[in-house]
Every structure is written in C-alpha cells, then in structure tokens.
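Worksheet for the structure shown next.
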C-alpha cells in the first residue's frame, strides 16, 4: 500500500540530498544574480559586507552608520558571528560569498527536519516529505534572498539544536544554540522558550529551567549591556518600532498589565492574521496540533506582530528566521500525533503535506518560474535579470578607487561597501565620490516617493556646486567627484 503515494517511487534519503543540493545551488545563484542586477542594498547587504571586510582588515565589526559616523556593528545588533566570517572574506572577497553562505547554510536545515520527522512520524519517506516541505516553504526561500542577514544562519542552527534537544543530547544542543545566539539578540529568547518546551513537554524540569534561564540571561546581557556599551550608553534605536505599545521592553510589559487589549489590537490586525496564515498553512496547519512546540516561535512572533514596521509581518524578510524552526518542530510533532491516532496513514499524511507545500510555494514562493503561470507568485520575479542599465551602473562603479570615501544611494552602496568609509546619500561629509541611481531613488535607507523628491533636490545642489564635478552621467546613473 505504501508504494501508491506520490513520492514513494524514489528513496527518501537520496531525494533529500538532491533537494538540499538543488536549493543551495539554485538560491545561491539567484541571490548572486539579484545582487548583480542591483537589487540588493547598502541596507542591509552592504552593512554586513562592511562589518566583515573591516574585521578582515583588523578593525572588528566597524561600520559607517546613517549619520556617517564610524561605529561598531554591535551598537545596532548583537550579531558577533559576523566577525567569524572574516576568513571567508580572505578566501572570497566578494558580497557573493555571504549570499552563497546564507543559501547553502539554510539548505542544511532540511537534515534535522528529516531526522525529526523520521523519528516522530515513523518512516524515512515521511522524513523526506518534511525535508522537501522545508525546502519548498515560502518563508525559507525568501529568507535566502533577503540580502544577507546573520540571523538567517540561526534558522538551521536552531533546527539542529531542537533535534539534539529532542534526543536529550544537551551538549550538542548547547553548541548549536550558542552558534544561533551569536546571530542576533532576540535569538536567545527562542532558546529560552525551547527550554520551557523541554521542561513542560518532556518533564525535564531542571534541564529545561536551566536552558530557559541561560537564554534569558544572554538576551538580557545582549540588549541591556552589550548594545548600550557600543552605542554610547543609549538603548537600541529600534525601540521606536514599538511606540504604540510602550516603546521599550519595560514599556511593553507595563502595557501588558495596564492595557492588554491594546497589545491584542495592534497584534491581531488584518496583516497579523494574514502573516500567521502564511506561516502555518504551507504545512497544512499541522503545527497547530502541537501548540506547546510553538513556544520557541512566540518571542519573535510577538516582536513582529507588535511592531509598526510592515516588513516584520511579511514572510519576504529575515524576521522569520527564528519562527521557521519552531513551526517545523511543531508540525512534525503534530503529524506524529495525527499518525498515531490512526486518522491518517503515512501515505495520506505525506500526500497532504506535499500538496500543501507545492501549492503554497506556487502561490507564495520565490521561484521565478511561477510568474509565468496563472495565479503563480510574481513578486520580484525579474529581480535576477541583469539589464543594460545594470551594466552601465557597473561601469560607473569602476571609476571609484577602492580606498575612496564614498556616498551613494542604496542599490549602488551594496557594491561599494568593502571600504572604510561608505556613507548613505545624501550624507556626504568627507566623501570624495558621490554615486546616485535616479531610477532607484533612496534617501539614506528610505525608499519611497519622498525619497525621490529629496534625492532630486540634493543632486540639483551637487550639479550647481563648484566643489563637485560630474564625471559620469548615463541612463540615470550619476557620478560626482570632489574637486
């Protein structure tokens, strides 16, 4: 009977290896082509490139902020893992190295998903179906294409950590959790929540409590000590995103006690429901059958839903990195419960999962092919196409000396960030070169209609200034050099 369902004609393990290789190769190429087509940005790919480049040059994690000051990357986010990538830059000094690393590392998350499903659902083929569902999961694919963010590396690291925690191998769980928390400050909250799940779900009270406490301590130190230390004593600049619910961790906590309905009102708006549906439906909502295992997703999910920043409630950005592992853990455990109940056999369960994964990828995924089919996802479908305009932009970049201080618009800045000073136009300060692409207007890190107006005004000033000489102008690409 088992040989009648859809994926059974192929052995599971070779299929998983082939899927991992295809994801790593395909999305590495797609991310690199998007960069070559100038669809990456100074924020955030260029920001990470500068931090890695500076570390490779002996100045750990030094970057240029929006105001043109030289600061530590740790003043913005706790992601010291970037310093560990300096040897990669020595071997491959290109932004493409980070993009390939991100896609390849994300693909490895299919292995712990396979192991978890094989254990809890009871067959290699169920494990293979879940591994393929991970590789087809829309949020996983978009995570590989959202420029480069170190927190993306937390996604597979947490999946490995959850597998070893499920196996009661606490040392290996600790190792992968440690790697994960180096990628961003809130990742430690996911680890702490995993400790709570381990305590409640497995009755490992002492070990679970220890993990939970350790995760909370790391998150607190990162947010309350490390970031303010490198930010001249100031707290995170990202608290402004939560102005509607308190504006700080303490403020949000007070709102939770004094006006809890306000939290629900902000979190459960139309975008919030759509966002949560796009997270759970691609796995046939199996994760809802094991709600306790969703605990590690809750910290980041709450941060996203309570934020006023629209990108945080979108599966197209890196804010899903710590949610994806918990979604898959819960889906696997939910599928195991469903299978043991006798309501669905292996074949029906696997068919349901793969049908949901394929349908959701068709409607929401990042594969460019879908834009050519009725109803398929068309978002950024042409983002990897290198045009004549892009080749002109590349010629303009070649005019700039490698050691020059540069001010540029966002899309050009991603290609100019491997240097000591890279400023975000219109901030110029000590820059000796200014590059702007008026077809992709940006003003600092803002990309909107107001940015187009503000950029045009600033460029008009540069044209009239006797301090600057226009040395290149073609197809909307302008290069100015200080006289």
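Brief remarks on what is shown
- Residue in the range 55-70 that is in a helix (DSSP H, G or I), in contact (Cβ under 8 Å) with a residue 40 or more places away in the chain and crowded, with 23+ Cβ neighbours inside 10 Å present: no
- For residue 309, the stated conditions do not hold, so it cannot be described as in contact with a helix residue (DSSP H, G or I) (Cβ under 9 Å, 6 or more places away or on another chain) and buried (at least 22 other Cβ atoms within 10 Å of the Cβ).
- Filter pass, residue 230 being modelled with pLDDT of 90 or more, in contact with a strand residue (DSSP E or B) (Cβ under 6 Å, 6 or more places away or on another chain) and surrounded by fewer than 18 Cβ atoms within 10 Å (Cβ to Cβ): yes
- Qualifying residue in the range 12-19 (condition: under 22 Å from the mean Cα position of the chain (by Cα) and in the same structural domain as residue 152 (by TED's automatic domain parsing)): yes
- Within the range 420-438, the set of residues being within 29 Å of the chain's Cα centre (by Cα) and surrounded by fewer than 20 Cβ atoms within 10 Å (Cβ to Cβ) comprises 420, 421, 427, 438.
- Residue within the range 38-46 that is in a helix (DSSP H, G or I) and under 23 Å from residue 367 (Cα atoms) present: yes
- Neighbours by Cβ (under 8 Å, 6+ apart or cross-chain): first from the range 100-128, on the phi > 0 side of the Ramachandran plot; second buried (at least 19 other Cβ atoms within 10 Å of the Cβ): 122/336; 122/339; 122/346
- Of all residues in the range 415-427, those being at pLDDT 95 or above and either outside any strand (DSSP E or B) or more than 23 Å from residue 34 (Cα to Cα) (or both) number 7.
- Within the range 445-458, residues that are on the phi < 0 side of the Ramachandran plot and assigned by TED's automatic domain parsing to the domain that holds residue 427 reach partners that are at pLDDT 85 or above and part of a strand (DSSP E or B) with beta carbons closer than 8 Å, at six or more positions or on different chains, in the pairs 445/424; 455/436.
- Annotation: of all residues in the range 288-302 being crowded, with 20+ Cβ neighbours inside 10 Å and in a helix (DSSP H, G or I), the one that is farthest from the chain's Cα centre (by Cα) is 293.
- For the range 272-287, the criterion of being surrounded by 13 or more Cβ atoms within 10 Å (Cβ to Cβ), assigned by TED's automatic domain parsing to the domain that holds residue 193, over 21 Å from residue 142 (Cα atoms) and in contact with a helix residue (DSSP H, G or I) (Cβ under 7 Å, 6 or more places away or on another chain) is met by at least one residue.
- Residue 240 falls short of the stated requirement of being assigned to a helix (DSSP H, G or I), more than 23 Å from the chain's Cα centre (by Cα) and exposed (fewer than 14 other Cβ atoms within 10 Å of the Cβ).
- Subset of the range 81-126 [outside any helix (DSSP H, G or I) and closer than 20 Å to residue 62 by Cα]: 92, 93, 94
The values are calculated or read from the model by the stated rules, or taken from the named source; none is laboratory data. Source: prediction; values computed, not measured. Backbone-built Cβ (ideal geometry, glycine too); neighbour counts: all protein chains shown.
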